[in-house]
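What follows is a short report on a single structure.
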Amino acid sequence: MSGRLTVVTYTGRRSGRTFSTPVAYRRAADLVTIRVAMPERKAWWRNFTGAGGPISLDLDGGARTGHAVARVDGKGRVTVAVRLDPGPPAGGGSGH
């Protein structure tokens with residue numbers, strides 16, 4: 001895993017509360033991959049099992065939203081894949 005760090009923000013499925021947690025990630029265009037270290041000791045990723053859910057990440061100098069889906073492989077390793085929503089256009093001015 002690269003040394004890139006970000007903070008993910010999400011709403012708990014059961015509690016309805018907002019949480020933020022730091023994670024290491026890899027990014028390829030609009031796909032962010034988070035490998036969850038020691039997933040048995042963490043609960044945040046469980047909010048994204050099944051069909052997944054909305055998430056926000058600190059990227060590109062601000063918050064980026066997307067849809068996250070957690071997958072557990074046969075060895076118990078957990079990966080959360082985030083498909084980012086389209087961001088603002090590059091150099092996005094107000095068009096005065």
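For q = 0.10 Å⁻¹, what log10 I(q)/I(0) does the chain give under the Debye formula with an equal point scatterer on each alpha carbon and no solvent?
-0.28
So, in nm, how far is label F19 from label V7 when the simple model puts each one 7 Å beyond its Cα toward the Cβ?
With each label point 7 Å from Cα toward Cβ, the separation is 1.6 nm.
Which chymotrypsin sites (Phe, Trp or Tyr not before Pro) in segment 1-37 sit in a loop by DSSP (not H, G, I, E or B) and have at most 16 other Cβ atoms within 10 Å of their own Cβ?
Hits after loop and neighbour filter: nothing returned.
Quick one: with all protein chains in place, what share of the accessible area of segment 1-89 is carbon or sulfur, to the nearest percent (1.4 Å probe)?
That share works out to 54 percent.
At 1.4 Å probe size, with every protein chain present, just tell me what the per residue accessible area of the chain comes to in Å². Provide the component values of the computation, followed by the final result.
Values: 6300 Å² over 96 residues.
Result: 66 Å² per residue.
Out of the trypsin sites (Lys or Arg not before Pro) in segment 25-83, which ones are loop residues according to DSSP with at most 15 other C-beta atoms within 10 Å?
Qualifying residues, ordered by number: K42, K75, R77.
The values are calculated or read from the model by the stated rules, or taken from the named source; none is laboratory data. From a predicted model like this one, the values you see are computed outputs, not experimental measurements. A quick note on method: Cβ atoms are made from the backbone with ideal geometry, for glycine too, and the neighbour counts reach across all protein chains shown. SASA here: full protein model, heavy atoms, side chains in, ligands and nucleic acids out. Shrake-Rupley method; radii C 1.70, N 1.55, O 1.52, S 1.80 Å.
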